[in-house]
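Before any comments, here is the structure.
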Amino acid sequence: DAKTTQPPSMDCAEGRAANLPCNHSTISGNEYVYWYRQIHSQGPQYIIHGLKNNETNEMASLIITEDRKSSTLILPHATLRDTAVYYCIVRVWKAAGNKLTFGGGTRVLVKP
Amino acid sequence: DGGITQSPKYLFRKEGQNVTLSCEQNLNHDAMYWYRQDPGQGLRLIYYSQIVNDFQKGDIAEGYSVSREKKESFPLTVTSAQKNPTAFYLCASSLGTGGNQPQHFGDGTRLSIL
């Protein structure tokens, strides 16, 4: 699976949009971009994923560049409960053993 | 509500003792997974199962065992052969194992050694 690079930390003001970047310059054509987050002492929470088109759901939007070498997760109106570590992952379409490999992630602190 | 339930939330093991962690899902997912997370670390895959009565070793299966007798259940046994069992254990499930199938996680079991 392709390696991802994320900033180690970022702060965000409550009520503002949080834009979380991820670089995955070695991504291949059959790899999906996934985002998860993990709040302290809880299991990771799935947020969103995409292949090449931009995606939106009730939690966030995912913007993938045309060359697919980077992406941005957008939390449209950050709340204090969005404080967590956010992980960007790429996953290949594979028949078996499709494990998730989490990198360092971005520690997001939403401030009042 | 549909989801994944792990129990207990906290578990203590004595030296030489086997303990079993429970994982139940009502999402009608075929695939289930067990991961281990150590402090400040990412996830490491212990075992996974694509279908009932079938399971495969992950990257760190030594000292662990699993069963998959029912679609909804995938218990993990931490045996006395696992010399460093203190960790946060996470169970996940997905509709299938393809790259387009997100894995959904339970809230974990924290295992400590007495």
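The values are calculated or read from the model by the stated rules, or taken from the named source; none is laboratory data. On a predicted model such as this, the values are computed, not experimentally measured, just so you know. Neighbour counts run over all protein chains shown; Cβ positions are idealised from the backbone, glycine included.
See the values below:
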| read-out | value |
| --- | --- |
| Members of the stretch A:1-24 found to be surrounded by 13 or more Cβ atoms within 10 Å (Cβ to Cβ) and among the acidic types (Asp, Glu), listed by number | A:ASP1, A:GLU14 |
| Within the stretch A:1-67, strands (runs of 3 or more DSSP E) holding 1 or more residues that are among the small types (Gly, Ala, Ser) | A:9-13, A:18-23, A:45-50, A:61-64 |
| Residue list for the stretch B:90-114, filter: at the interface with chain A (Cβ under 7 Å from one of its Cβ atoms), in contact (Cβ under 8 Å) with a residue 12 or more places away in the chain and not β-branched (Val, Ile, Thr) | B:LEU90, B:GLN103, B:HIS104, B:PHE105, B:GLY106, B:ASP107, B:GLY108 |
| Every residue from the stretch B:74-87 that is over 10 Å from the mean Cα position of the chain (by Cα) and not aliphatic (A, V, I, L, M) | B:THR79, B:SER80, B:GLN82, B:LYS83, B:ASN84, B:PRO85, B:THR86 |
| Residue match in the stretch B:69-87 (condition: of a type in the set (Gly, Ala, Ser) and surrounded by 17 or more Cβ atoms within 10 Å (Cβ to Cβ)) | yes |
| Qualifying residue in the stretch A:74-81 (condition: within 21 Å of B:ALA31 (Cα to Cα) and of a type in the set (Lys, Arg)) | no |
| When residues of the stretch A:65-94 are limited to those that are buried (at least 19 other Cβ atoms within 10 Å of the Cβ) and more than 17 Å from A:THR106 (Cβ to Cβ), the one modelled with the lowest pLDDT | A:ARG91 |
| Residue, surrounded by the fewest Cβ atoms within 10 Å (Cβ to Cβ), within the stretch B:1-31, restricted to residues that are of a type outside the set (Phe, Trp, Tyr), within 12 Å of another protein chain (Cβ to nearest Cβ) and not in a loop (DSSP other than H, G, I, E, B) | B:THR5 |
